[in-house]
Every structure is written in structure tokens, then in C-alpha cells.
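These notes concern the structure reproduced below.
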């Protein structure tokens, strides 16, 4: 597979989960990596593992985003690829019982954080005639699940991805998303361990009968950012072990 264009690969939420898996995939390709996260302990450990740089970043804070992006471009080099992986999960809830402060924090990180990062970096990329952005959407982008903050943020991410692909395509910037199904990240494992998620139930909802591995999302993300996907922009690629196919197929009335 062709590599990505020369420059810095910036991964937000790179300290764990899908973000870390994507960072590892780029590191394996010999790319220049910067990991950014709120969790400095885990982020610094991950950066050491991958021989990468690390920056403290709150994606929901405009000042933090602008200062961090400017410092990376000044100290390390131009950002060629942005991976927007910083995000928060939630447990099943109804709109009436879900705390509004938690709702607002999920929106601030999942949607506003991705928006702010794109706002800070996409114009810079366009000014250099190229770049690639990968947003982390979800199967929630396509179909509603009982997650009253998380689901709408992921639907918004899909819409934002298409909007930005159209706006920045003339500047050579490609903007895509991956839509993971139920993925066995540390955050998901902790919910399984606490009893908030049923692994057998989630596995039964896919055609392949298993959960997605973070490394599988990483492979799809790497492809979309690589030169092998030079003609692909504005897509939201499901990496879901067949979840989307299964829910439609299995709901057919007999």
C-alpha cells in the first residue's frame, strides 16, 4: 500500500483505544507521529512506545486546540494527517434520565472537539495543497441506538465529514470517517466488566458473530488516509463485523 504524504500525523485521543491502535498502525509504517490527549500519563507512555511526540490537548477547548496545533507546526512540522479520535462513550439511557451535564460534555468532546480540530488544521492543509483528515464516526451515524448524546454526535460527525470534504476538496484535502461497530477497546471492556454491556448480545448483532478489534478499525483508517485512497473523500466506512447488514436482514418480517 502506498504511504501517506510527508508530514506530521496528529492523533487526538491517542493515549488509548482506537486512537492508540491507529497511532500504532502509522508508527509501523514509519510515519512521524504526534499523540495528543488529556491523559498525560497514558499519552506519554504511548508516545515512548511509538517513538512519537506527545502534547497535552483538550479538544473541547478552542485555546488549547489553537495553541497546540500552532506549537506542533512550529516545533515539529506541518500536519499532513489529522486523526480525530478523542471521544467519550455513554451507557444506555433515556432522554429523561440522562444527566444534561454529561450530555453536554459528550457533545463538547465528540462533535465540537472534532469540529475545532478540523477548523484549526484543514485551512492550513489547503494552503499547502493537500492533506487527509479521518474522523471517528460510528454505526450510530447510520441508525439510532438508545444513547441520547452519543448517537446524535456520531450522526453529526458523518454530516461534518461530508461537508468538509466538499469545502476543502478543491484545496486537495480529503476528509473521511470510519464507523466502528461494537469495538473491544479498554473503555468497552470496562463496561463489560461492570455489567453495563453484554458481550454475547453485541456479538449476536453482527453477521460475523464477534466484536470489532481496534486494530481492524486502524487498518481501515490508515487506508483512507493513504495515497491508495487518493480518489476517496466524503465517505463514512463501516467497520462493524456486518452489524449494519445484520440488523436490516434479521428484522425482515417472516
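Results, tabulated for the structure shown:
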{"quantity": "Test result for residue 160, in a helix (DSSP H, G or I), at pLDDT 95 or above and either closer than 20 Å to residue 22 by Cβ or out of contact with any strand residue (DSSP E or B) (no Cβ under 7 Å at 6 or more places or on another chain) (or both)", "calculated": "yes"}
{"quantity": "Condition met for residue 132 (over 21 Å from residue 238 (Cβ atoms), touching a residue at least 24 places away in the same chain (Cβ under 8 Å) and either touching a strand residue (DSSP E or B) at 6+ places or on another chain (Cβ under 7 Å) or not in a strand (DSSP E or B) (or both))", "calculated": "no"}
{"quantity": "Unmet criterion (only one of (1) in contact (Cβ under 8 Å) with a residue 24 or more places away in the chain; (2) closer than 20 Å to residue 18 by Cβ; (3) touching a helix residue (DSSP H, G or I) at 6+ places or on another chain (Cβ under 7 Å); (4) surrounded by fewer than 23 Cβ atoms within 10 Å (Cβ to Cβ)) for residue 188", "calculated": "(3)"}
{"quantity": "Meets criteria (more than 25 Å from residue 100 (Cα to Cα), in contact (Cβ under 8 Å) with a residue 24 or more places away in the chain and in a helix (DSSP H, G or I)) for residue 169", "calculated": "yes"}
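The values are calculated or read from the model by the stated rules, or taken from the named source; none is laboratory data. Note that this is a predicted model, so its numbers are computed, not measured. Every residue, glycine as well, gets a Cβ built from its backbone with ideal geometry; the counts of neighbours run over all protein chains shown.
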